[in-house]
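The values are calculated or read from the model by the stated rules, or taken from the named source; none is laboratory data. Since this is a predicted model, take the numbers as computed values, not measurements. Here the Cβ positions follow ideal geometry from the backbone for every residue, glycine too, while neighbour counts run over all protein chains shown.
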């Protein structure tokens with residue numbers, strides 16, 4: 001490419017996104033973004049129109065708001081610096097695995113900028129002179145441990161070390177637990193996997209073992225109150241080595257600028273299993289279990305403390321399971337998952353309604369992956385959403401986006417007749433915890449023929465058993 005070659009500012013951004021493997025753009029068309037939307041499809045990207053937008057009359061409020069929820073922000077203005085600004089934002093997005101905000105004024109969309117930087121990939125591998133020393137200290141602690149254990153949390157997903165962590169868990173065969181955010185990121189059929197660690201709410205065996213361990217490796221910690229069962233499942237700092245997005249914490253000492261995405265692969269490469277502790281015999285520790293359909297009496301009411309073990313009969317390899325804030329979010333943590341499945345549940349903000357549009361995004365990504373020639377995973381996985389009626393009514397309009405794009409989503413709508421968690425906290429019988437009664441079966445919402453299959457169940461019966469039998473769903477889509 002000639003050093004003098006130019007390209008539209010918006011086109012530069014979209015080409016960079018394509019280089020990073022992005023295939024789809026979400027958004028809502030509006031008076032002030034129509035010109036940039038004209039460039040989406042010619043740039044090789046897919047436009048996914050959504051059905052909801054929340055606005056403010058003062059446009060600067062968007063930038064003000066995004067400063068609180070992004071790691072970097074910029075406004076494109078000077079054609080001489082626009083390519084560098086875009087690259088800088090995308091670099092921070094890659095390094096920190098967090099969203100960024102790029103403000104593109106209407107009159108900048110078609111401004112010509114230099115295309116020369118497109119010839120060079122965005123770098124994402126910073127160096128640190130303390131890396132080797134930190135890795136050596138970690139290895140020494142690993143070899144010295146007499147009762148080691150592993151805790152895996154959900155940040156490993158964004159960091160991009162799921163495969164390396166799973167290989168480490170498999171290689172050491174050390175007893176392993178996950179936090180709620182980390183559930184679904186490991187193969188739960190591994191013999192050394194023992195489910196979600198619930199701190200003070202856990203069984204005596206799991207809690208006693210972790211409290212007596214002399215080394216706990218914690219990968220991708222996300223220590224919010226909900227994720228750690230009111231902070232009770234956070235391991236003691238003095239015996240823990242934690243690997244986060246930007247640093248390593250060893251016995252309470254923080255070593256900065258040592259990202260987990262670099263030191264964890266290094267740890268796996270240097271590991272000599274023969275020098276690490278081997279459990280023989282292996283400790284007797286509890287595991288989550290699937291409840292066979294035959295163990296549940298016919299016509300028994302479908303209730304919270306029994307339904308989740310039964311739901312494990314429905315899942316198959318490659319599924320993405322999502323549990324909305326509330327009864328579903330807590331329930332899905334107890335389900336044993338098949339290999340190569342993923343689970344998303346609320347662990348921090350607990351915003352009801354989030355999971356329905358999130359299911360749309362997850363199903364779209366799943367669809368794109370399954371159609372990719374480079375994808376080697378399961379080809380028949382679905383997105384399975386569990387959501388209460390309160391959360392469903394907040395963002396129900398995105399159901400139309402799911403149907404419009406023929407996405408493979410199964411929605412289990414939990415008809416609680418209101419906000420159940422709030423009823424438990426306060427106002428058990430107050431009408432402010434009620435929601436409007438809807439008829440939720442999807443065919444009723446449209447006069448057009450839809451590729452949708454619906455079932456209403458209050459008790460476990462023949463229909464429920466047929467529904468939960470995976471083979472009955474192998475060919476049902478969208």
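Of note:
- Counting only helices (runs of 4 or more DSSP H) that fall entirely inside region 71-174 and contain at least 2 residues that are without any contact (Cβ under 8 Å) to a residue 12 or more places away in the chain, the qualifying elements are 131-144.
- Among the residues making up region 192-216, those that are outside any helix (DSSP H, G or I) and either within 21 Å of the chain's Cα centre (by Cα) or modelled with pLDDT under 95 (or both) are 193, 194, 195, 196, 197, 198, 202, 203.
- Summed over region 23-32, residues that are without any contact (Cβ under 8 Å) to a residue 60 or more places away in the chain, assigned to a loop (DSSP other than H, G, I, E, B) and surrounded by 14 or more Cβ atoms within 10 Å (Cβ to Cβ) total 0.
- Residue under evaluation residue 429, criteria (1) exposed (fewer than 14 other Cβ atoms within 10 Å of the Cβ); (2) under 12 Å from residue 324 (Cα atoms), criterion not met: (2)
- Yes/no for residue 83 being surrounded by fewer than 18 Cβ atoms within 10 Å (Cβ to Cβ) and closer than 21 Å to residue 21 by Cα: no
- Boolean, residue 98 is surrounded by fewer than 17 Cβ atoms within 10 Å (Cβ to Cβ) and either at pLDDT 90 or above or in contact with a strand residue (DSSP E or B) (Cβ under 8 Å, 6 or more places away or on another chain) (or both): no
- Residues of region 33-63 that are loosely packed, with under 12 Cβ neighbours inside 10 Å, part of a helix (DSSP H, G or I) and under 29 Å from the mean Cα position of the chain (by Cα): 61 alone.
- For region 225-237, the criterion of being surrounded by 14 or more Cβ atoms within 10 Å (Cβ to Cβ) and closer than 24 Å to residue 272 by Cα is satisfied by no residue at all.
- Condition met for residue 269 (free of Cβ contacts under 8 Å to residues at least 60 places away in the same chain, more than 17 Å from residue 195 (Cβ to Cβ), surrounded by fewer than 18 Cβ atoms within 10 Å (Cβ to Cβ) and not assigned by TED's automatic domain parsing to the domain that holds residue 420): yes
- Count of residues meeting criterion [assigned to a helix (DSSP H, G or I) and over 22 Å from residue 312 (Cβ atoms)] in region 360-403: 21
Rundown of residues vs (1) at pLDDT below 90; (2) crowded, with 19+ Cβ neighbours inside 10 Å, yes/no style:
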residue: 362; (1), (2): no, yes
residue: 369; (1), (2): no, no
residue: 372; (1), (2): yes, no
residue: 377; (1), (2): yes, no
residue: 383; (1), (2): no, yes
residue: 397; (1), (2): no, no
residue: 402; (1), (2): no, yes
residue: 406; (1), (2): yes, no
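- Every listed requirement among (1) in contact with a helix residue (DSSP H, G or I) (Cβ under 7 Å, 6 or more places away or on another chain); (2) buried (at least 16 other Cβ atoms within 10 Å of the Cβ); (3) over 28 Å from residue 402 (Cβ atoms) is met by residue 71 save one, (2).
- If you go through region 180-223 and keep only what is crowded, with 22+ Cβ neighbours inside 10 Å and free of Cβ contacts under 8 Å to residues at least 60 places away in the same chain, you end up with 182, 186, 197.
- Scanning region 224-242 for residues that are closer than 26 Å to residue 133 by Cβ and touching a residue at least 40 places away in the same chain (Cβ under 8 Å) yields 235, 241.
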